[in-house]
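Heads up, the thing below is written out as structure tokens.
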């Protein structure tokens, strides 16, 4: 059996030794290198070409974020960020790293976990992340975000303009959200409801980070908010709560997980399919698993405009692939196209064709 080759990057000798110990305890893994700073991590990554990297954010010489940007621009490698969630600055750097191409994030062990629980989660996350076929992120080469849409004909058709935008996304979500939301004008006419899969410890400050990136109001949804009062603003599903739309209001629910997810994209999409579907545009973006696919199908069948991200620009072509296989997506578009086409849809009404 071919072992998964891991590069461990952590400046604390104690924590690094613990990570190496846990990885080495599983015969399916092999630690091929260790680094205590970002610069050494880049050098070892280029020389050893590991299958996956565990990476802390707060590193000397070169930060984990800078190392992530360089690695993803020059020799893309799956990265699992292993970081603390109690420090707001460190959390923002974690979001930046996810936007720059890191695949997932796991909180460092606190010491209060039940024996073996964190270790099993760590090894499971490593296996999943190592399987992701990461794509090149040019952010470090360009010195900033690239959000110029590809030249293509935007869909335009007569009819009433949509009144609600839904977005479901998981792995690869931060960068995808920034690219799409930055393309929307300040006077975008509809509420934007988003379900992002992000572990609870890291979710609490994500709204503030996203607001800073896209320059428009971003808040976690509150029970009872009226859609009519949310024109042009963004509401995120809170961690560990489903977000629904019922009777033109936002509803939060602690109902059981769907596809091991709470919040679940399917829960939001299906709730809108029972309500204002014909006034809705829904996007299912990059992510592992199949959450959102059946909900997108329900929306299409109820008259919504439905969009799935294409394989080439998805960090993980899981959720949008499931939607495409079900015939849930009216359109399959590359990420750089989606923002500009959403603008056209909300200006002109419905859409036909690909």
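Can you find a residue that is touching a residue at least 24 places away in the same chain (Cβ under 8 Å), crowded, with 23+ Cβ neighbours inside 10 Å and under 11 Å from residue 174 (Cβ atoms) anywhere in segment 80-91?
Scanning segment 80-91 turns up no residue that is touching a residue at least 24 places away in the same chain (Cβ under 8 Å), crowded, with 23+ Cβ neighbours inside 10 Å and under 11 Å from residue 174 (Cβ atoms).
Would you confirm, using the coordinates I've provided, whether residue 232 is without any contact (Cβ under 8 Å) to a residue 60 or more places away in the chain, surrounded by 15 or more Cβ atoms within 10 Å (Cβ to Cβ), more than 21 Å from residue 270 (Cβ to Cβ) and under 15 Å from the mean Cα position of the chain (by Cα)?
no
Can you go through 183, 203, 161, 130 and tell me which one is at pLDDT 80 or above and touching a strand residue (DSSP E or B) at 6+ places or on another chain (Cβ under 7 Å)?
Exactly one residue qualifies, and that residue is 130.
If residue 301 satisfies all but one of (1) modelled with pLDDT under 95; (2) surrounded by fewer than 17 Cβ atoms within 10 Å (Cβ to Cβ), what's the number of the condition it fails?
(1)
Residues to consider are 41, 73, 67; find the one that is under 24 Å from residue 93 (Cα atoms), in the same structural domain as residue 120 (by TED's automatic domain parsing), surrounded by fewer than 24 Cβ atoms within 10 Å (Cβ to Cβ) and within 25 Å of the chain's Cα centre (by Cα).
Matching residue, one of 41, 73, 67: 73.
Assuming residue 194 fulfils every condition listed in (1) at pLDDT 90 or above; (2) part of a helix (DSSP H, G or I); (3) in contact with a strand residue (DSSP E or B) (Cβ under 8 Å, 6 or more places away or on another chain) apart from one, which condition is it?
Result: residue 194 passes all but (2).
I'd like to check something: does segment 218-226 contain any residue that is modelled with pLDDT of 95 or more and on the phi > 0 side of the Ramachandran plot?
yes
Given 250, 268, 210, which one is assigned to a strand (DSSP E or B), surrounded by 21 or more Cβ atoms within 10 Å (Cβ to Cβ), touching a helix residue (DSSP H, G or I) at 6+ places or on another chain (Cβ under 8 Å) and assigned by TED's automatic domain parsing to the domain that holds residue 169?
250
Tell me which residues, restricted to segment 293-309, are more than 17 Å from the chain's Cα centre (by Cα) and outside any loop (DSSP other than H, G, I, E, B).
Within segment 293-309, 294, 295, 296, 297, 298, 299, 300, 301, 305, 306 meet the criteria.
Restricting attention to strands (runs of 3 or more DSSP E) lying wholly within segment 35-114, give those where 3 or more residues are closer than 23 Å to residue 4 by Cβ and out of contact with any helix residue (DSSP H, G or I) (no Cβ under 7 Å at 6 or more places or on another chain). Steps first, please.
On the way: elements: 52-55, 79-83, 104-107.
Once the strands (runs of 3 or more DSSP E) in segment 35-114 are filtered for at least 3 residues that are closer than 23 Å to residue 4 by Cβ and out of contact with any helix residue (DSSP H, G or I) (no Cβ under 7 Å at 6 or more places or on another chain), nothing remains.
Test residue 126 against the criterion of being in a strand (DSSP E or B) and either on the phi > 0 side of the Ramachandran plot or surrounded by 14 or more Cβ atoms within 10 Å (Cβ to Cβ) (or both), and give yes or no. Reasoning before the result, please.
On the way: in a strand (DSSP E or B): no; either on the phi > 0 side of the Ramachandran plot or surrounded by 14 or more Cβ atoms within 10 Å (Cβ to Cβ) (or both): yes.
For residue 126, the condition - in a strand (DSSP E or B) and either on the phi > 0 side of the Ramachandran plot or surrounded by 14 or more Cβ atoms within 10 Å (Cβ to Cβ) (or both) - is not met.
Closer than 21 Å to residue 98 by Cα and either touching a strand residue (DSSP E or B) at 6+ places or on another chain (Cβ under 6 Å) or surrounded by 16 or more Cβ atoms within 10 Å (Cβ to Cβ) (or both): is that true of residue 221 in this structure?
no
How many residues, within segment 310-333, are part of a loop (DSSP other than H, G, I, E, B) and surrounded by fewer than 16 Cβ atoms within 10 Å (Cβ to Cβ)? So that I can check it myself, show each step before the final result.
Step one: list which residues in segment 310-333 are part of a loop (DSSP other than H, G, I, E, B), which gives 310-316, 318, 327-330.
With surrounded by fewer than 16 Cβ atoms within 10 Å (Cβ to Cβ) added as a condition, the list becomes 311-312, 327.
Residues flagged as part of a loop (DSSP other than H, G, I, E, B) and surrounded by fewer than 16 Cβ atoms within 10 Å (Cβ to Cβ) within segment 310-333 amount to 3.
The values are calculated or read from the model by the stated rules, or taken from the named source; none is laboratory data. For clarity, every value in this text was computed on a predicted model and none was experimentally measured. Heads up, the Cβs are rebuilt from the backbone with ideal geometry, glycines too, and the neighbour counts pull from every protein chain shown.
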